[in-house]
Amino acid sequence: MQEAEQLRQVRRIFNQVVPVYDFLNRALSLREDVRWRRFVARAIRPGPTGRVLDVATGTGDLALAIAARPEKPLVAGLDLVPAMLEPARRKLARSRARVALLCGDGTSLPFPEASFDAVTIAFGIRNIPRRGRALGEMLRVLAPGGRVYVLEFTTPQKPWVRRLYRLYLRSWLPALGGLVSGDGSSYQYLADTILEFPAPPAFRAEMRAAGFRAARSHALTHGITWVHVAEKPQA
Ligand SMILES: C[S@@+](CC[C@H](N)C(=O)[O-])C[C@H]1O[C@@H](n2cnc3c(N)ncnc32)[C@H](O)[C@@H]1O
């Protein structure tokens with residue numbers, strides 16, 4: 001698929017799923033998604049800028065979890081699809097969190113170099129066709145020594161988990177997603193992007209190729225989800 005076509009599809013899908021996005025996330029992951037984002041929020045190391053960027057922030061759950069950290073960093077939450085930010089704005093209005101939401105593309109970040117102590121992206125990187133460029137932008141806006149945290153699904157390695165997971169992705173996810181959202185094809189697309197996403201060692205190689213160092217990965221929930229962490233080298 002051409003990149004422009006892929007971007008159109010991403011915009012169409014997330015515009016369509018927004019009313020049921022949070023509900024389906026909780027239901028389809030049995031609320032594990034809340035634990036995964038909390039894990040990332042807790043892992044972040046505070047740094048000199050006092051700012052964190054959450055790319056592809058969507059409905060804002062990770063941005064809000066980060067803003068709730070004890071040192072209360074200022075969090076910028078950026079997303080390509082304005083409609084996805086609406087639930088985030090509603091959540092923000094009910095909290096005192098220091099979160100600024102903005103519309104933008106992860107492959108062209110509207111921030112100067114070295115603006116953030118940490119950059120996070122949860123379940124967003126696999127929707128960005130130019131992954132290397134997005135990683136390059138994250139590196140650019142990080143302060144030296146700052147870290148990127150990529151939370152993403154991956155096909156599990158253990159054979160029995162992998163078999164169950166494929167069945168879930170190929171049959172149950174599109175069926176359930178279709179039932180609730182009225183658009184099974186969106187969930188089929190999301191399932192395909194999970195199956196196509198590289199295994200952890202290959203993704204770490206992509207992070208290193210983008211200029212990061214000390215890349216490592218941490219498995220969550222039987223390796224269904226991983227947190228990939230890497231550092232921007234000191235100048
Ligand atoms: C599966 S949702 C994840 C949302 C949120 N991070 C979460 O944890 O629930 C993927 C998000 O990536 C956003 N997205 C896709 N391509 C993007 C891009 N090029 N730049 C910024 N956001 C993008 C979509 O609009 C969508 O909100």
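The values are calculated or read from the model by the stated rules, or taken from the named source; none is laboratory data. In this text, all values refer to a predicted model and were calculated from it rather than measured experimentally. Neighbour counts are summed over all protein chains in view; Cβ atoms, including those assigned to glycine, are modelled from backbone coordinates with ideal geometry. Heavy atoms of the whole protein, side chains included, go into the accessibility calculation; ligands, DNA and RNA do not. Shrake-Rupley method; radii C 1.70, N 1.55, O 1.52, S 1.80 Å.
Per-structure values
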read-out	value
Residue pairs meeting the criteria (Cβ under 6 Å; at least 6 apart or on separate chains; first open to solvent by less than 30 Å² (accessible area, probe 1.4 Å), in segment 214-230; second assigned to a strand (DSSP E or B) and β-branched (Val, Ile, Thr))	His228/Val150; Ala230/Val148
Filter result (touching a strand residue (DSSP E or B) at 6+ places or on another chain (Cβ under 6 Å) and more than 10 Å from the ligand (Cβ to nearest atom)) within segment 14-42	none
Test set (1) within 14 Å of the ligand (Cβ to nearest atom); (2) over 28 Å from Ala191 (Cα atoms) - Phe116 fails condition number	(1)
Residues of segment 68-113 satisfying the condition of being of a type outside the set (A, V, I, L, M, F, W, C), farther than 22 Å from Thr49 by Cα and away from the ligand (no atom under 14 Å from the Cβ)	Arg90, Arg94, Ser95
Residue under evaluation Arg45, criteria (1) in contact with a strand residue (DSSP E or B) (Cβ under 6 Å, 6 or more places away or on another chain); (2) more than 12 Å from the ligand (Cβ to nearest atom), criterion not met	(1)
Qualifying helices (runs of 4 or more DSSP H) (wholly inside segment 125-198; at least 2 residues being aromatic (Phe, Trp, Tyr) and open to solvent by less than 60 Å² (accessible area, probe 1.4 Å))	184-196
Within segment 11-105, helices (runs of 4 or more DSSP H) holding 1 or more residues that are open to solvent by less than 20 Å² (accessible area, probe 1.4 Å) and farther than 26 Å from Thr193 by Cα	61-67
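Okay, residues lined up against (1) under 23 Å from Ala27 (Cα atoms); (2) charged (D, E, K, R):
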position: Arg163; (1), (2): yes, yes
position: Gly178; (1), (2): yes, no
position: Ser185; (1), (2): yes, no
position: Tyr189; (1), (2): yes, no
position: Ala199; (1), (2): no, no
position: Ala202; (1), (2): no, no
position: Glu206; (1), (2): no, yes
position: His228; (1), (2): no, no
